[in-house]
Amino acid sequence: MTTAPGPLDRWYEAAGVRGGVRRLFHAETEAGRVFFPEALVPHLDHPEVRALPPHAVRELTVRHLYQFLHATTHLETRVVNGAAEPVANGRAGMDFPTGLRMDAFKVYCDEGYHALYSLDLADQIARVTGIPVPDVDYGGFVTALQAAGRALLPDDPLLAGQLQAVVFETLITAVLNEVPQDPRVVSTVRDLMRDHARDEGRHHRFFSAFFLELWARLDRHRRIAAGRALPAMIRAALDWDLGPVHTSLRLAGLDEERSRAVLADAYGEGAVTARIRTVSRATVRLAAQAGAFDLPGVREAFAAHGLSEPEGGDD
């Protein structure tokens, strides 16, 4: 009986860190393009923002890209690599096969590279455009995600970290795939996002398989705890980090009152819940595949966050 090929079997040939090129930003070739799809920047459609001069709106979009790139560096190194390392080094408290441990090291290498080139592109754009990267904490929502893990699974920090990585890695591909599709976006940004999405597509398959391996090694008590924690982790991973957005709005010229009004209108509960439901489909299907919804309290926990068990393989 032959074993089906794994998502990282061709890592030495296919991984971006093995054969990718450094993406370089050249302003003169990007005239008239935007730095991030406007439809993916909720505050750009607010009347207060539309009333700003064009240069201020452009700077808002650039700063949104900075937020995305810098947040990526935090997520990849603090969340994903924080979970991959114990698995790779056999410190996860579970007997994972050597092949899976080596795949975890491959993920570790990839994520460090993704963090490097995200920081690199943000720095290039800041130097060429003259729009500085604001001095704010771009890792705030990682801190919030980790705090949620500690609150949900206070006695099981390793499991909390592994679940956070599974959640993030099965969510991010959907987000990354949105940017390269927009021809109005700066080509260097689209190319980098496409590079990232290519690696993350393999990571998505790895972490989906890893989750099932992890789930199979949990006893019923830990499965119930994990199942009940998953929807809150999904929510924490997809909640907007509004600190950098608030700073960006103030830098654009909006006063405190108007900035807070934009945040309340553009990032209200309805918009957040709809986004979470859309982006989390694959993650919710994975939980259903593992049988999480058959455990007591899990279906109710998902419902409390506006999520439900998919019907017929989808929701």
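The set of residues in the range 276-296 being modelled with pLDDT of 95 or more, loosely packed, with under 15 Cβ neighbours inside 10 Å and closer than 13 Å to residue 308 by Cα consists of 294 alone. Filtering 65, 60, 40 for residues that are surrounded by fewer than 18 Cβ atoms within 10 Å (Cβ to Cβ), closer than 24 Å to residue 144 by Cβ and touching a residue at least 60 places away in the same chain (Cβ under 8 Å) leaves a single hit, 40.
Just checking, does the range 54-61 include any residue being among the β-branched types (Val, Ile, Thr) and closer than 28 Å to residue 263 by Cβ? Yes: one or more hits.
Quick check: anything in the range 45-54 under 23 Å from residue 196 (Cα atoms) and surrounded by 18 or more Cβ atoms within 10 Å (Cβ to Cβ)?
no
Going by what's in this entry, would residue 111 be described as charged (D, E, K, R) and closer than 26 Å to residue 219 by Cα? It is false that residue 111 is charged (D, E, K, R) and closer than 26 Å to residue 219 by Cα.
Among residues of the range 89-103 being of a type in the set (D, E, K, R) and either part of a helix (DSSP H, G or I) or in contact with a helix residue (DSSP H, G or I) (Cβ under 7 Å, 6 or more places away or on another chain) (or both), the one that is farthest from residue 11 (Cα to Cα) is 101. Scanning the range 143-167 for residues that are assigned to a helix (DSSP H, G or I), touching a residue at least 60 places away in the same chain (Cβ under 8 Å) and more than 13 Å from the chain's Cα centre (by Cα) gives 144, 146, 148, 149, 152, 158, 159, 160, 161, 162, 163. The set of residues in the range 242-275 being in contact (Cβ under 8 Å) with a residue 40 or more places away in the chain and either surrounded by fewer than 20 Cβ atoms within 10 Å (Cβ to Cβ) or aromatic (Phe, Trp, Tyr) (or both) consists of 243, 247, 251, 253, 258, 261, 263, 265, 267, 271.
The rows are residues; the columns are (1) farther than 24 Å from residue 248 by Cβ; (2) hydrophobic (A, V, I, L, M, F, W, C); (3) modelled with pLDDT under 95; (4) assigned to a helix (DSSP H, G or I).
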{"site": "105", "(1), (2), (3), (4)": "yes, yes, no, yes"}
{"site": "112", "(1), (2), (3), (4)": "yes, no, no, yes"}
{"site": "115", "(1), (2), (3), (4)": "no, yes, no, yes"}
{"site": "121", "(1), (2), (3), (4)": "no, yes, no, yes"}
{"site": "125", "(1), (2), (3), (4)": "no, yes, no, yes"}
{"site": "131", "(1), (2), (3), (4)": "no, yes, no, no"}
{"site": "134", "(1), (2), (3), (4)": "no, no, no, no"}
{"site": "141", "(1), (2), (3), (4)": "no, yes, yes, yes"}
{"site": "169", "(1), (2), (3), (4)": "yes, no, yes, yes"}
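Give the residues of the range 18-37 that are acidic (Asp, Glu) and surrounded by 16 or more Cβ atoms within 10 Å (Cβ to Cβ), sorted by residue number. Passing the criteria: only 30.
The values are calculated or read from the model by the stated rules, or taken from the named source; none is laboratory data. Computed from a predicted structure; not experimentally measured. All Cβ positions, even for glycine, are placed from backbone atoms using ideal geometry, and neighbour counts span all protein chains on display.
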